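Worksheet: the structure to be examined is printed underneath.
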Amino acid sequence: QAQLVESGGGLVQAGESLRLSCAASGSIFSINDMGWYRQAPGKQRELVAVVSSVGSTNYADSVRGRFTISRVNANNTVYLQMNSLKPEDTGDYFCNAKIINSRYFAPRSYWGQGTQVTVSS
């Protein structure tokens, strides 16, 4: 088993920045993709950004150019730098990681508990 723990959410004003962190721990042989998803009130969870084990990134159109995802493989940690935040960025942000717990095992999808981001206008 592995666990993901997020931190860094909070309440900010439009135009400000936040940095989210997510650390994976537990039984980890290797980690494939790591990503961030968000869920606004009354809406479905959506992909925000994802980074592969070799650093390839992909972003939702709504955040491209404002958000930057990065990871430190040595620490099993992924970050989301969010700049120029908008009220529509408000929601619960969840970390996701495709973790291989042991050699020859298939990757499993793990989720963090979520961290709340609120952007006021």
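The values are calculated or read from the model by the stated rules, or taken from the named source; none is laboratory data. All figures in this text were calculated on a predicted structure; none of them were measured in a lab. All Cβ positions, glycine included, derive from the backbone under ideal geometry; neighbour counts span all protein chains shown. Ligands, DNA and RNA are stripped out before the accessible areas are found, and what is left, the full protein with its side chains, is counted by its heavy atoms. Shrake-Rupley method; radii C 1.70, N 1.55, O 1.52, S 1.80 Å.
Taking θ = phi - 60°, what integer Hz values does the Karplus form 6.51 cos²θ - 1.76 cosθ + 1.60 yield along the stretch 15-29, in sequence order, with x for Gly and Pro?
Listing the rounded values in order: x, 8, 10, 9, 10, 9, 10, 9, 10, 9, 8, x, 7, 10, 8 Hz.
In debye, nearest 20, what is the charge dipole magnitude of the stretch 12-121 about its Cα centre with +1 on Lys and Arg Cβ and -1 on Asp and Glu Cβ, if you could check? All intermediate terms of the calculation are to be shown ahead of the outcome.
On the way: 11 positive and 7 negative charges, 56 e Å.
Charge dipole of the stretch 12-121: 260 debye, to the nearest 20.
How far, in nm, would the chain grow between SER21 and GLN39 when pulled straight, counting 0.36 nm per residue and subtracting the alpha carbon separation?
Stretched out fully, the SER21 to GLN39 stretch lengthens by 4.8 nm.
Mind listing which GluC sites (Glu not before Pro) in the stretch 1-72 are in a DSSP loop and have 14 or fewer other Cβ atoms within 10 Å?
Details: sites: GLU6, GLU16, GLU46; in loops: GLU16.
Passing sites in the stretch 1-72 are GLU16.
Given H placed 1.01 Å from N in the peptide plane, which residues other than close sequence neighbours of LEU85 have an amide H under 5 Å from its amide H?
GLY15, GLU16
Compute the normalised compactness of the stretch 24-121: alpha-carbon radius of gyration over 2.2 N^0.38 Å, N being the residue count. Intermediate results must be reported in sequence, preceding the final value.
Working: Rg = 14.0 Å, N = 98, 2.2 N^0.38 = 12.6 Å.
Expressed relative to 2.2 N^0.38 Å, the Cα Rg reads 1.11.
Report relative contact order for the stretch 15-68 in percent, whole number only (criteria: Cα-Cα under 8 Å, sequence separation at least 6). Please report the intermediate quantities before stating the final value.
Values: 46 pairs, mean separation 12.6, N = 54.
Once divided by the residue count of the stretch 15-68, the mean separation gives 23 percent.
Counting only trypsin sites (Lys or Arg not before Pro) that sit in a DSSP loop (anything but H, G, I, E, B) with at most 16 other Cβ atoms within 10 Å, what is the longest stretch of the chain containing none of them?
Details: sites that count: LYS43, ARG45, ARG66, ARG103.
Between the exposed loop sites, the longest stretch runs 1-42.
List, in order, the whole-Hz ³J(HN,Hα) value for each residue of the stretch 3-13 obtained from phi through the Karplus relation with A = 6.51, B = -1.76, C = 1.60 and θ = phi - 60°; use x for Gly and Pro.
Working through the residues one at a time gives 9, 10, 10, 9, 7, x, x, x, 10, 9, 8 Hz.
Considering amide H positions built from the backbone, and no H for Pro or chain starts, which residues 5 or more places from SER30, or on another chain, come under 5 Å of its amide H?
ILE100
Please turn the phi angles of the stretch 70-83 into ³J(HN,Hα) values with the Karplus equation 6.51 cos²θ - 1.76 cosθ + 1.60 (θ = phi - 60°), one per residue in order, whole Hz, x for glycine and proline.
Each residue of the stretch 70-83 in turn: 8, 8, 10, 4, 4, 10, 6, 10, 10, 10, 9, 8, 10, 10 Hz.
Given DSSP loops and a limit of at most 12 other Cβ atoms within 10 Å, what is the longest stretch of the chain that contains no such chymotrypsin sites (Phe, Trp or Tyr not before Pro)?
Numbers: sites that count: TYR104, PHE105.
Longest site-free region, per DSSP loop and neighbour criteria: 1-103.
If you count only protein heavy atoms with a 1.4 Å probe, what accessible area per residue comes out for the stretch 1-100, rounded to a whole Å²? Walk me through the numbers before you get to the answer.
Numbers: 4900 Å² over 100 residues.
Value returned for the stretch 1-100: 49 Å² of accessible area per residue.
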